[in-house]
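Visitor: Shown below is the structure under consideration.
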Amino acid sequence: MLPIIYWLATAAPIASGAASLTPPVAKIDPKVDTVHGEERVDNYFWIREKSNPEVIEYLEAENRYTEAMMQHTEDFQEQLYQELLGRIKETDLSVPEKLDDYYYYTRTEEGRQYPIYCRKQGNLEAAEEILLDQNALAEEHEYLEMGVYKISPNHQLLAYSTDTTGGESYTLYIKDLNTDQLLADQIPNTYYSVEWASDNQTLFYTTLDAAKRPYKLYRHQLGSTPEADMLIYHETDESFFLDVSKTRSKAYLLMELENINTSEVHYLEAAQPTGDFKVIAPRQPELEYSVEHHGNQFFIVTNADAVNFKLMRAAASNPSRANWEEMIPHRETVKLDSVSAFQNHLVISEREAGLQKIRVHNLTTDAEHAVDFPEPVYTVRQGRNPEFNTNTLRFNYASLVTPMSVFDYEMDTGTRELKKRDEVLGGYNPSLYESERIFANATDGTPIPISLVYKKGLIKDGGSPLLLYGYGSYGINSEPYFSSNRLSLLDRGFRYAIAHIRGGEEMGRTWYETGKLLHKRNTFTDFVACADHLVAEKYTTSDKLVIQGGSAGGLLMGAVTNMRPELFEIVIAKVPFVDVVNTMLDTSIPLTVIEYDEWGNPNENVFYDYIKSYSPYDNIEAKVYPHILVTAGLNDPRVHYWEPTKWTAKLRALKTGDNRLLLKTEMGAGHGGPSGRYDYLREIAFEYAFIFDLLRIDK
């Protein structure tokens, strides 16, 4: 293997000229393959060799270069960090959740990175019991992420799991809350789903295969070793994930098997943990359904002959598909997202015209009403609502100008109580800001919603910088939520915009279907149409337009930057999925097979050609690109570090002009970046300093 060629000259701070620093140059070590009769050459394939010291050395050289290029902004970064930190209430308390005779909550303390998990018994004036201090768990680790946190039905035991690398493989622990001691039971390589049976002695959990796919369900008896645990189910289809959950009624355990467009649910009485799971409806390609329990019936949300989903119900004694009865029919303009069953009510979450809705159905009287929300653009989601026998629904509400607010809603009377609104320190006044929703016309004439927020009085003359965010994949919606961090943009004259492009589900299931597989390019052209519209309407100009996206949204950043580099001034691509062809051709990479239903299988000619037409890594050309900041995580199991790294290396080799290109790799973290809340704020401060420096905003 040829030696790596890269270097980093030492130079004065960049205030006098960034061009005096020489960027790292990655070696070229071609790997040649033939795919569908076409020769493919990958000059940077060697970067995948994580165990190769040269790879680590190259990543560290890129980090040194990034640090040197940003050295002159260090004081500004600190100013921004203090600004961000100054808006949050460092010592704070979540709204307690009542479950049986206990109130559970988390709190944070000034100067400490992680939450502390607590409870009180009987009433909120009782003595506090600390169940778990994540700060103590993290003392010997640079990174620590919680996976699951599950209290046993009798409230005497806690099952929790942690990951200390960012690789999303968790070790499961059991804590005796009476003695404050860990049991000997420790189970490695678990994922995000763990559930207690009703006997307080039996746990169900999932484990990961080599591709980081949860594929086996085990039953664990307290006091036994993991080697003795009973294998309950082994999912052999590489495109399916396995998950275990419990109905809100606590009566049933659910084993859920699903890929991107197909699902299969099995059920077991939680009081009979040694029994056999029974299937509700065997998997059928493109049939999706989810299950909720109430009394002697199951509620089933399904897309069977219903692209926007409908609600069915069936007797719990025989819930096979032949016995499903329609309760809420399919609607062309309303997407049914989910239902939650309470003792006396059914809460229906749906989406209409891009906005979330909540309806409450009284199961005794069949009366039904909608919950109203005061703003034209907002986001709302149900809380955990652990109590089944209650007439109170807790939901979280926010908008682009209203901080996250926790409400308790009385489902019988329709009255609500604000339990908490996130406090924004420093005198935040929402009346000084305004939000709106506008539409851009896509290339095929489809109206694409854009959510906007900015400070009142900002005129449309093209003089304002604007940050445009996008994602547009997996049917995941980009919600118009509040962020106190965003005030550092708005108070400096920025507008902030969200492009609700196809590939999400904001406008219904068809919105997703027309933004995936052989329609994926709609996602990119929709985003470009939004950017063009914002410029044409003088919300901003191209030389003040910043775009941002992460993961699959990073694919979006790479694709639109190849398509229209002159349209954007600055690109923030966080852990970007940019090497789409190579990744989707390699089934040894975690998640590849699972992703075929999102992107297509490039082993088939039609998908290979289509994916290749937009894959950012494959479409880099010798031309001027915007300023680009790229982030990566060395232990990222979702978008491996080599994708952003290879993309950066190829951009360095081919791009013309002297626009800035920086790669920042977290050497001890994964997909989500640093795990601590203060470390996260420093990352935001770094990104903002990158933007402000290039736009010549110096305070």
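Visitor: Simple spin-label model, 7 Å along Cα-to-Cβ: T34 to A653 in nm?
Guide: Taking the two extended label points, one gets 2.2 nm.
Visitor: Report the trypsin sites (Lys or Arg not before Pro) located in region 53-100 that are in a DSSP loop and have at most 14 other Cβ atoms inside 10 Å of their Cβ, or state none.
Guide: Taking region 53-100 and a limit of 14 other Cβ atoms within 10 Å, the loop trypsin sites (Lys or Arg not before Pro) found are K89.
Visitor: Just how far, in whole angstrom, is region 117-162 from region 589-605 if you go by their alpha carbon centroids?
Guide: Answer, in whole Å: 39.
Visitor: What ranking do D237, D444 get, fewest neighbouring Cβ atoms within 10 angstrom at the top?
Guide: On the way: D237 14, D444 10.
So the residues, fewest neighbours to most, are D444, D237.
Visitor: For the modelled label position 7 Å from the Cα of D444 along Cα-to-Cβ, which residues of region 303-320 have backbone nitrogen atoms closer than 20 Å?
Guide: 306-309
Visitor: Do you know the relative contact order of region 519-624, to the nearest whole percent, from alpha carbon pairs under 8 angstrom that are 6+ apart?
Guide: On the way: 140 pairs, mean separation 25.9, N = 106.
Relative contact order, region 519-624: 24 percent.
Visitor: Can you list the GluC sites (Glu not before Pro) in region 391-498 that are in a DSSP coil and have 15 or fewer other beta carbons within 10 angstrom? All intermediate terms of the calculation are to be shown ahead of the outcome.
Guide: Working: sites: E410, E417, E423, E434, E436; in loops: E423.
For GluC sites (Glu not before Pro) across region 391-498 that sit outside H, G, I, E and B with at most 15 neighbouring Cβ atoms in 10 Å, the list reads E423.
Visitor: Something else about it: Just to confirm a number: summing +1 for Lys and Arg and -1 for Asp and Glu over residues other than T108 whose beta-carbon lies under 9 angstrom from that of T108, what do you get?
Guide: Working: positive: K89, R107, R112, R677; negative: E90, D92, E109, E110.
Charge balance in the 9 Å sphere: 0.
Visitor: Note the angle between two axes, namely the Cα long axis of helix 677-694 and the longest principal axis of the Cα atoms of the chain, as a number of degrees from 0 to 90, rounded to the nearest 10.
Guide: 30 degrees
Visitor: Roughly what would the spin-label model give for E683 and K699, points 7 Å off Cα along C-beta, in nm?
Guide: Label at E683, label at K699, 3.1 nm between them.
Visitor: While we're on this one: For the cross-link pairs K27/K520; K612/K655; K27/K646; K664/K699; K98/K310, which exceed 21 Å when the distance is taken from alpha carbon to alpha carbon?
Guide: On the way: K27/K520 33 Å; K612/K655 19 Å; K27/K646 11 Å; K664/K699 23 Å; K98/K310 31 Å.
The pairs that break the limit, which is 21 Å between Cα atoms, are K27/K520; K664/K699; K98/K310.
Visitor: Then there's this: Using modelled backbone amide H atoms (1.01 Å from N, in-plane), which distant-in-sequence or interchain residues come within less than 5 Å of M327's amide H?
Guide: Amide H to amide H, under 5 Å and 5 or more residues apart or across chains, M327 pairs with L311, M312, R313.
Visitor: Starting from 0.36 nm per residue, how many nanometres of slack lie between R384 and A126 once their C-alpha separation is accounted for? Walk me through the numbers on the way to the answer.
Guide: Numbers: separation 258, 0.36 × 258 = 92.88 nm, distance 2.27 nm.
Result for the pair: 90.6 nm of gain on full extension.
Visitor: Does region 141-279 classify as rounded, prolate or oblate by the C-alpha gyration tensor (a ≥ b ≥ c root eigenvalues; a/c under 1.5 gives rounded; else a/b over b/c gives prolate, otherwise oblate)?
Guide: Values: a/c = 1.76, a/b = 1.12, b/c = 1.57.
Judged from the Cα gyration tensor, region 141-279 comes out oblate (a/c at least 1.5, b/c at or above a/b).
Visitor: Counting other beta carbons within 10 Å of each Cβ, put Y608, Y614, Y688 in order, fewest first. Walk me through the intermediate numbers first.
Guide: Values: Y608 19, Y614 22, Y688 26.
Ascending number of Cβ neighbours within 10 Å: Y608, Y614, Y688.
Visitor: Let me ask another. In deg cm²/dmol, rounded to 500, what helix-only [θ] at 222 nm does the chain give when every DSSP H run of at least 4 residues adds -39500 (n - 2.57) and the total is split over its residues?
Guide: Taking each H run of at least 4 residues, the total per residue is -5000 deg cm²/dmol.
Visitor: In what sequence do K699, K544, K456 fall when counting other Cβ within 10 Å, fewest first? Spell out each step's value before the answer.
Guide: On the way: K699 6, K544 20, K456 9.
So the residues, fewest neighbours to most, are K699, K456, K544.
Visitor: Obtain the nm distance between the two label points defined at A184 and L363 by a simple spin-label model: each point lies 7 Å from its Cα along the Cα-to-C-beta direction.
Guide: Those two pseudo-labels are separated by 4.3 nm.
Visitor: Further question on the same structure: State the three equivalent ellipsoid semi-axes of region 316-431, derived from the C-alpha gyration tensor as the square roots of 5 times its eigenvalues, in descending order and whole Å.
Guide: Details: eigenvalues 183, 60, 29 Å².
Here the semi-axes work out to 30, 17, 12 Å.
Visitor: Next question, about the same structure. For region 141-279, compute the number of Lys pairs whose alpha carbons are separated by less than 15 Å, excluding pairs fewer than 8 positions apart on the same chain. Spell out each step's value before the answer.
Guide: Details: K150/K175; K150/K246; K150/K250; K246/K278.
Number of lysine pairs found: 4.
Visitor: Compute the separation of the alpha-carbon centres of region 623-699 and region 375-429 and state it in Å as a whole number.
Guide: Computed from Cα coordinates, the inter-centre distance equals 35 Å.
Visitor: Calculate how steeply helix 53-69 sits against the longest principal axis of the alpha-carbon atoms of the chain, using the helix alpha-carbon long axis, and give the answer as 0 to 90 degrees to the nearest 10.
Guide: The angle comes out at about 70 degrees.
Visitor: While we're looking at this one, here's another question. Give me, ordered by chain and number, the residues 5 or more places off I88 or on other chains with an amide H under 5 Å from its own placed amide H.
Guide: So I88 has HN proximity to L425.
Visitor: Mind running the shape call on region 98-137? Use the C-alpha gyration tensor, a ≥ b ≥ c as the square roots of the eigenvalues: rounded below 1.5 for a/c, prolate if a/b tops b/c, oblate otherwise.
Guide: Details: a/c = 2.84, a/b = 2.30, b/c = 1.24.
Since a/c reaches 1.5 and a/b is larger than b/c, the shape of region 98-137 is classed as prolate.
Visitor: Under 5 Å between amide H atoms, partner at least 5 residues away or on a different chain: which partners does N441 have, H built in plane at 1.01 Å?
Guide: I448
Visitor: If Lys and Arg each add +1 and Asp and Glu each add -1, what is the summed charge of the other residues whose beta carbon sits under 9 Å from the beta carbon of Y433?
Guide: Summing Lys and Arg as +1 and Asp and Glu as -1 gives +1.
Visitor: Measure nothing but the geometry: give the 0 to 90° angle between the long axis through the Cα atoms of 552-563 and the longest principal axis through the Cα atoms of the chain, rounded to 10°.
Guide: It is inclined by approximately 30 degrees.
Visitor: Give me the distance between the Cα centres of region 278-314 and region 525-573, rounded to whole Å.
Guide: 39 Å
Visitor: Right, next: Which shape class applies to the chain: rounded if a/c is under 1.5, otherwise prolate when a/b exceeds b/c and oblate if not, where a ≥ b ≥ c are the square roots of the Cα gyration tensor eigenvalues? Numbers along the way, then the final one.
Guide: On the way: a/c = 1.44, a/b = 1.37, b/c = 1.05.
It is rounded, given that a/c, with a ≥ b ≥ c, falls under 1.5.
Visitor: Tally Lys and Arg at +1 and Asp and Glu at -1 over the other residues with C-beta under 9 Å from the C-beta of A685: what net charge comes out?
Guide: Numbers: positive: R682; negative: E78, E83, E683, E687.
Local charge sum for A685: -3.
Quick note: the coordinates plus some simple rules give every number you see, no bench work behind them. Since the model is a prediction, treat every value here as computed from it, not as a measurement. FYI the Cβ positions are ideal-geometry reconstructions off the backbone, even for glycines, and counts take in every protein chain you see.
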